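Colleague: Below you'll find the structure I mean.
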Amino acid sequence: MTNAIHSKAPVLVAGGGIGGMACALALAREGLPVELFEQSAEIGEIGAGLQLGPNAFAALDELGVGEQIRSAAVFTERMVMMDAVDCSEVASIPLGADFLARFGNPYAVSHRADLHATLHAAARANPLVRIHVDTRIASIERVDGMAEIRTATGQRFTGASLVGCDGVRSVVRDRLVGDVPRVSGHVVYRAVIPAAEMPEDLQWNAPVVWAGPNCHLVHYPLRGGEQYNLVVTFHSREPEQWGVTDGSKNEVMSYFAGIDARPRRLLELPRSWRRWSTADRDPVARWSEGHATLLGDAAHPMMQYLAQGACMALEDAVTLSAAARECRAKGGVVDWSAAFRRYESARVARAARVVLSVREFGRLCHATGVERLVRNSLWSGRKPQRFYDALEWIYAWKPENCLTAF
């Protein structure tokens with residue numbers, strides 16, 4: 001009788017962002033009922049642009065939405081790092097035929113809202129997915145081998161398992177791990193610029209990083225080149241608390257006094273800014289307890305330097321669904337404790353490597369003094385094949401080997 005009940009009980013998914021929607025879609029495509037809980041009154045995604053590597057497209061294809069994302073994305077010609085002090089080119093990585101042949105999928109940029117809306121629409125269209133909005137989870141429990149959540153309004157929902165996709169400030173993680181976010185001290189400002197206002201000599205079809213001392217700028221085209229995403233990052237002089245607020249142009253300008261006028265003029269363009277005080281968490285060896293686990297930023301929040309946050313959440317969703325498939329007995333019952341152990345074994349080390357590599361790449365982007373000169377001398381003139389070799393551990397991920405530690 002217990003197995004029969006568990007086979008019909010839904011998977012509870014906390015959080016309706018990119019990770020939560022991808023998780024719901026992946027599990028539903030395995031024939032598993034899902035109930036997703038989003039605390040906001042409306043489903044949506046804040047932010048602007050994001051970058052999608054070949055690993056993200058491999059996951060999106062597995063989720064059945066790869067072609068839709070491709071149709072709205074901008075396929076960039078190369079990735080570029082420029083020195084923001086002297087305007088020299090530090091590195092250039094071609095993203096054309098050789099890149100595609102090496103990794104089997106392209107590199108592209110997209111608006112976060114376009115990716116999220118596509119995942120949301122696909123999840124809603126699946127009859128096995130039920131979405132609850134304006135529903136904040138107050139606590140989680142394990143009752144009679146099942147996962148139970150209680151909402152802020154006192155409602156209770158019971159499921160066969162629980163997946164926490166609820167971001168850096170995860171309620172589920174607080175229950176399973178109990179650690180605290182690591183406020184990085186790095187502040188990110190984001191804005192979207194109409195193409196008509198972007199300087200012509202900077203309208204490159206590429207994600208461009210202008211690396212400066214303790215700061216950097218990024219720009220790339222969005223939505224068919226109609227807009228440009230602009231992101232600036234700096235090391236704050238003040239104690240920071242994680243959060244999102246309106247930004248101040250004066251604050252941004254004060255941190256970029258030491259860079260060349262060519263990239264610095266970009267800071268004059270936005271009419272408004274959004275300010276993110278960023279945080280990640282130190283990697284942990286376990287994400288799961290019994291019938292509950294974590295996914296995306298709840299499991300491995302990371303800073304933005306390698307543009308892998310959304311990509312890792314998509315990988316997580318595909319891997320979790322594969323683990324559920326592998327641990328599913330006749331009659332459709334999933335051994336969720338076993339599935340979560342299988343999922344963890346494939347994801348923990350890889351995600352930790354990304355989190356730690358992101359921190360190191362951020363340090364190199366913001367290098368000062370002699371370290372800046374060393375960085376430039378190491379990367380300038382490097383052949384594309386050497387960059388591809390260095391990136392293979394990230395970009396060569398595929399769904400067919402997702403349960404193998406990579």
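The values are calculated or read from the model by the stated rules, or taken from the named source; none is laboratory data. Please read these numbers as outputs of a predicted model, since none were measured by experiment. Neighbour counts are summed over all protein chains in view; Cβ atoms, including those assigned to glycine, are modelled from backbone coordinates with ideal geometry.
Colleague: So, in the stretch 69-104, of the ones that are among the hydroxyl-bearing types (Ser, Thr, Tyr) and farther than 17 Å from residue 228 by Cα, which residue ends up farthest from the chain's Cα centre (by Cα)?
Modeller: Checking each candidate, the answer is 88.
Listed here are the residues, each with its yes/no results for (1) modelled with pLDDT under 95; (2) within 15 Å of residue 51 (Cβ to Cβ); (3) of a type in the set (S, T, N, Q).
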| site | (1), (2), (3) |
| --- | --- |
| 164 | no, no, no |
| 169 | yes, no, no |
| 191 | yes, no, no |
| 198 | no, no, no |
| 202 | no, no, no |
| 205 | no, yes, yes |
| 208 | no, yes, no |
| 214 | no, no, yes |
| 223 | yes, yes, no |
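Colleague: If residue 190 satisfies every condition in (1) farther than 30 Å from residue 287 by Cβ; (2) among the charged types (D, E, K, R); (3) touching a strand residue (DSSP E or B) at 6+ places or on another chain (Cβ under 6 Å) but one, which is the exception?
Modeller: Residue 190 satisfies every listed condition except (1).
Colleague: Can you tell me which residue among 190, 150 is farther than 27 Å from residue 336 by Cα, part of a strand (DSSP E or B) and touching a Lys or Arg at 6+ places or on another chain (Cβ under 6 Å)?
Modeller: Sole residue among the options that is farther than 27 Å from residue 336 by Cα, part of a strand (DSSP E or B) and touching a Lys or Arg at 6+ places or on another chain (Cβ under 6 Å): 190.
Colleague: Also, quick follow-up: Starting from the stretch 180-201, keep only residues that are at positive phi, then list their pairs with residues that are in a strand (DSSP E or B) whose Cβ atoms are within a distance under 8 Å, requiring at least 6 positions of separation or different chains.
Modeller: Pairs found: 185/235.
Colleague: Out of the residues in the stretch 153-168 that are buried (at least 23 other Cβ atoms within 10 Å of the Cβ) and not in a loop (DSSP other than H, G, I, E, B), which is farthest from the chain's Cα centre (by Cα)?
Modeller: Applying the filter and picking the extreme gives 161.
Colleague: (1) surrounded by 21 or more Cβ atoms within 10 Å (Cβ to Cβ); (2) modelled with pLDDT under 95; (3) hydrophobic (A, V, I, L, M, F, W, C): which one isn't true of residue 72, the others all being true?
Modeller: Of (1) surrounded by 21 or more Cβ atoms within 10 Å (Cβ to Cβ); (2) modelled with pLDDT under 95; (3) hydrophobic (A, V, I, L, M, F, W, C), only one is false for residue 72: (1).
Colleague: Are any residues in the stretch 210-247 among the hydroxyl-bearing types (Ser, Thr, Tyr) and either surrounded by fewer than 20 Cβ atoms within 10 Å (Cβ to Cβ) or more than 17 Å from residue 265 (Cα to Cα) (or both), and if so, which ones?
Modeller: If the condition is that a residue be among the hydroxyl-bearing types (Ser, Thr, Tyr) and either surrounded by fewer than 20 Cβ atoms within 10 Å (Cβ to Cβ) or more than 17 Å from residue 265 (Cα to Cα) (or both), then 236, 245 are the ones that fit.
Colleague: Just to be sure I understand, how many residues within the stretch 70-99 are among the basic types (Lys, Arg) and under 19 Å from residue 375 (Cβ atoms)?
Modeller: 1
Colleague: Being within 22 Å of residue 55 (Cα to Cα) and among the basic types (Lys, Arg) is the filter here; which residues of the stretch 286-345 pass it?
Modeller: 325, 342
Colleague: Look at residue 110 and say whether it is modelled with pLDDT of 95 or more and either of a type in the set (Ser, Thr, Tyr) or assigned to a strand (DSSP E or B) (or both).
Modeller: no
Colleague: Might you let me know whether the stretch 100-111 holds any residue that is of a type outside the set (S, T, N, Q), touching an Asp or Glu at 6+ places or on another chain (Cβ under 6 Å) and touching a residue at least 12 places away in the same chain (Cβ under 8 Å)?
Modeller: no
Colleague: Considering the stretch 111-139 alone, what residues qualify as being of a type in the set (Lys, Arg) and surrounded by fewer than 19 Cβ atoms within 10 Å (Cβ to Cβ)?
Modeller: 124, 130, 136
Colleague: Of all residues in the stretch 143-162, count the ones that are charged (D, E, K, R) and touching a residue at least 12 places away in the same chain (Cβ under 8 Å).
Modeller: Going through the stretch 143-162 one residue at a time, the tally reaches 1.
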